[in-house]
Amino acid sequence: MSTAQQVPDILSPEFAENPYPAYRVMRESAPLIWHDVTQSYIISRYEDVERVFKDKNGEFTTDNYNWQIEPVHGKTILQLSGREHSVRRALVAPAFRGSDLQEKFLPVIERNSRELIDAFRHTGSADLVHDYATRFPVNVIADMLGLDKGDHERFHGWYTAVIAFLGNLSGDPKVAAAGERTRAEFAEYMFPIIRERRQNLGDDLLSTLCAAEVDGVRMNDEDIKAFCSLLLAAGGETTDKAIASIFANLLAHPEQLAAVREDRTLIPRAFAETLRYTPPVHMIMRQSATEVTLSGGTIPAGATVTCLIGAANRDESRYADPDRFDIFRADLTTTTAFSAAADHLAFSLGRHFCVGALLAKAEVEIGVDQLLDAMPDARLADGFDPAEQGVFTRGPQSLPVRFTPQAA
C-alpha cells in the first residue's frame, strides 16, 4: 500500500486546481493510499469503487454518515440499513419516479426553468451558474415541498454550509460550526411547517411525506425534516453543478453542442457523459465492516474508505480514452445511466443508489432543452475559460455566455 507522500495530496492547492492528473497517478501506481489527515483509505480504481458501492457481500456500511452528515442533517435514510432502510426508502421513493414525477413535478420543473430563463433571455447575456444553475434545482425542491421560494437565499445559504461541512476534509472548526448551526436553523424553520402541513395535507411532497405509511411505519417530524434537509443539499448542489458542467463541456466541444442543439434526444447522453467526465460529487465515503482486500492492499475492519468517483470514472481499464469528453462514446450506456445499473459511478450504485436520479434527469433534460431554445447561438464570453472549483463537490463557479437576445 502506498502512502499519501508518494502522490499529490487531495488537500493540496495543486489537487484542487486540477485533480485529474493526480487521479491518474493514483490509479496507476497507488490504488490504495492511507491518508493521515482524513484518517481514511483512498481508493481510485473503477473496479474497487464499484465493489464498495455495490457491496454484494456486506463488507461496507454507511456508518461514516453518523459523523459525516448527522451533525448537519440529523439522522437520514443514508445511515440506515436492512429493513429500516428499505422501509424508509419505500416511503420516499415513489415521489421521485413514475406517475408522481410525471404528473405532479414535471410541470413544476418546467415552470421554474422558464421563470429563470425569462429573466435573461431578452438581454443576450447570462452567467449560467449564478443566474440559472444555482437557483433552478433549489427552486424546484422548494416548490415540490410546498415551501416559500421567497426563502431561496436562506435555502441556498443552508445547503452551501452543509456541502462545505461535508467537504471539510481538513477539519476547519469554523466550517464545522457553520454546518452545525445550519441544522438548528433549518429545524427551527421546518418543524412549524411540518406540524401545520400534517393538519392541512395538500398535494405537495411534504404532505406526501407526512401521510406516507409502509408496513405500519410513518415518518416522524425529525425524519421528515432530515430528509428535506438532505434533499435540499444533495438535490441542490449536485444538479446545480451538473447543469453548469454540461454547458461547460458542450461549449468546449462545439460540434457536440451543435449535435445536441439539433437533436434534443441527445441531452441524456450529454448528461451521462458529464456525470462520467466531470461528476458533481468527486468522493463518497464508506466504512469497512470487515477486513477487505482491494487493489493495492488490505483495509482493516472499521476503517473509513474514501471512494474517488472522479478518478474511477476516468479509469482507462473501463473507458476508452477516458480524458476525452464524448457524448457518443460506445462504453457508456445511456439507457441505464440513471438507474442502479449505471456504468458510471456518479450516483453511487447498489441499495444506496441516488433516490433522486430520475428527478435530476428530468431537471437536466428540461433545463438544457429550454436553455438551448433561449440561447440558440450561445458562446462563452470573450476570453473566459471556465474553471472547475472544489474537491468534495466540483463544478464551474461561473459560466458567462453571450447569445442573440430572444423575445419571451
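Values in this text are rule-based calculations from the coordinates and carry no lab data. Predicted model, so just to flag it, every value in this text is computed and none were measured. Counting neighbours? That spans all protein chains shown, and the Cβs are built from the backbone with ideal geometry, glycine included.
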Mind running the shape call on region 313-408? Use the C-alpha gyration tensor, a ≥ b ≥ c as the square roots of the eigenvalues: rounded below 1.5 for a/c, prolate if a/b tops b/c, oblate otherwise. prolate
In nm, the gap between the two label points placed 7 Å beyond Cα toward Cβ at residue 176 and residue 222 is 2.2 nm
Too long at a 28 Å Cα-Cα cut-off: which of 104/149; 56/241; 149/241; 54/104? 56/241; 54/104
Set the Förster distance to 56 Å, then compute FRET efficiency between residue 336 and residue 407 from the Cβ-Cβ distance, nearest 0.05. 0.90
Which order do the peptides 376-386, 354-364 take when ranked by the mean count of other beta-carbon atoms within 10 Å per residue, highest first? 354-364, 376-386
I'd like the FRET efficiency for residue 61 and residue 104, computed as 1/(1 + (r/R0)^6) with the beta carbon distance as r and R0 of 51 Å, rounded to 0.05. 0.90
Would you kindly state how much longer the chain becomes between residue 384 and residue 320 on full extension, computed as 0.36 nm times their sequence separation minus their alpha carbon distance, in nm to one decimal? 20.1 nm
When a/c reaches 1.5 or more, the comparison of a/b and b/c decides; with that in mind, is region 204-319 rounded, prolate or oblate per its Cα gyration tensor? oblate
Students often check this: by mean Cβ neighbours within 10 Å, which of 365-374, 188-197 ranks highest, and how do the rest follow? 365-374, 188-197
Under the rule rounded for a/c under 1.5, else prolate if a/b exceeds b/c, else oblate, using alpha carbon gyration tensor axes a ≥ b ≥ c, region 148-262 is classed as oblate
Pull out the extension gain between residue 252 and residue 191, defined as 0.36 nm times the separation in residues minus the alpha carbon to alpha carbon distance; nm, one decimal. 17.5 nm
Taking 254-261, 231-238, 311-318, 111-118 and ranking on average Cβ neighbours within 10 Å, highest first, one gets 231-238, 311-318, 111-118, 254-261
State the extension gain, in nm to one decimal, for the chain segment bounded by residue 17 and residue 123, taking 0.36 nm per residue of separation less the distance between their alpha-carbons. 34.9 nm
